[in-house]
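The values are calculated or read from the model by the stated rules, or taken from the named source; none is laboratory data. The model shown is predicted, which means the values in this text are computed figures rather than measured ones. Every residue, glycine as well, gets a Cβ built from its backbone with ideal geometry; the counts of neighbours run over all protein chains shown.
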Amino acid sequence: MGLPLPGHAYLPLAVFLGLGVPLVLAYRRKSSTLVFRIAAVFLGAWALLATTTAVWVLADGGWSALLRLVDAPLLLFDLQFLTIWLIGALGAFLVFFVAFVLSQTVDRGFLRLLPTRELPWPARLPRPRTMTTLLAFPAAEADAFMFTLLERDRHSPFLRCRDVILVSDGLLGQLSSPEWDAVLAHELGHARELDGRYLTFFRTLARMMRWDPVLRLLADSLTRREEYRADLDAVELTRAPRALARALYKATLLAPATRRGLPGLLGAAGPRGRRETLERIRRLVALAESGRFPEEFGA
């Protein structure tokens, strides 16, 4: 039998319920920024629990400690293990810090390794309010993605965020003008809802800890949600759902089945990615047939 525990040991259950229920409710109805912030707090609590559990098991005998914890899951929350929790908190912070540094390093690596060139902003689309750079890079595959860089502001002592939208020459060569507008509007939807700051970090964290099903599920669910939302944002802006559907079809479904795309708008690789792309196209065609969005930028 597990050891009897005081009432405070059940506080973590209340914390996870207090974060998980609002996250589920906000997932469908609230803005992406709010969902991301709740998800970030939830992931912080989850990482704290995971690292503390690992430290406790390693410090208390390995497999035998793990079996004891399985028998009495709330044993870990006894106040006598406060030092273990402090070490776990440090471990969780280090994991988050490494994930942030890694995501920024990879993004900066793209700009250093790829011979990019700046593209003119399409006249039919409004310029973003935030600092945004639109770049093309040489690649035969069709792809487009965005990320956010944290960098020093030359005119102040503070750091600033700069959104970067990267598109391949292969993509530019395949798309008509309305399709290009729709793709760029989709990426603007990602930038406006801070996907480059939160979602990129969540996906990096999930790749680092790929053995953790909770992180993987949350990252995959948020990614799917944001792709659907950015599609809808693009349609709201361009009034051309068929243009975005054609762009997805040309760049993803007509590409070789073995291509390994980058994690962006058109980076859906493998059978699962193609199934998700088909679902996005189906939704866009349904929007076009609904009559809600008469296309203004051309067929």
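Might you let me know whether segment 67-74 holds any residue that is in contact with a helix residue (DSSP H, G or I) (Cβ under 8 Å, 6 or more places away or on another chain) and not charged (D, E, K, R)?
Yes; the residues of segment 67-74 include at least one that is in contact with a helix residue (DSSP H, G or I) (Cβ under 8 Å, 6 or more places away or on another chain) and not charged (D, E, K, R).
Here is a list: 127, 162, 154. Which entry is in the same structural domain as residue 250 (by TED's automatic domain parsing), closer than 28 Å to residue 39 by Cβ and charged (D, E, K, R)?
Working: 127 fails: closer than 28 Å to residue 39 by Cβ; 154 fails: closer than 28 Å to residue 39 by Cβ.
The conditions single out 162.
Going by the structure shown, is residue 117 free of Cβ contacts under 8 Å to residues at least 12 places away in the same chain, on the phi < 0 side of the Ramachandran plot and either charged (D, E, K, R) or surrounded by 13 or more Cβ atoms within 10 Å (Cβ to Cβ) (or both)?
Answer is no for this residue.
Can you name every residue in segment 201-241 that is among the charged types (D, E, K, R) and outside any helix (DSSP H, G or I)?
210, 212, 239
If I filter segment 78-88 for residues that are surrounded by 15 or more Cβ atoms within 10 Å (Cβ to Cβ) and in contact with a Gly (Cβ under 8 Å, 6 or more places away or on another chain), do I get at least one hit?
no
Given the residues 244, 266, 284, 248, which is the only one that is assigned by TED's automatic domain parsing to the domain that holds residue 144, modelled with pLDDT under 70 and either crowded, with 16+ Cβ neighbours inside 10 Å or more than 13 Å from residue 227 (Cβ to Cβ) (or both)?
Numbers: 244 fails: modelled with pLDDT under 70; 284 fails: modelled with pLDDT under 70; 248 fails: modelled with pLDDT under 70.
Just one listed residue meets the conditions, 266.
Considering only residues that are more than 17 Å from residue 228 (Cβ to Cβ), under 21 Å from the mean Cα position of the chain (by Cα) and among the β-branched types (Val, Ile, Thr), which ones fall in segment 25-56?
The answer is 38, 41.
What residue, among those in segment 150-200 that are of a type in the set (A, V, I, L, M), surrounded by fewer than 23 Cβ atoms within 10 Å (Cβ to Cβ) and free of Cβ contacts under 8 Å to residues at least 60 places away in the same chain, is nearest to residue 139 (Cα to Cα)?
Applying the filter and picking the extreme gives 172.
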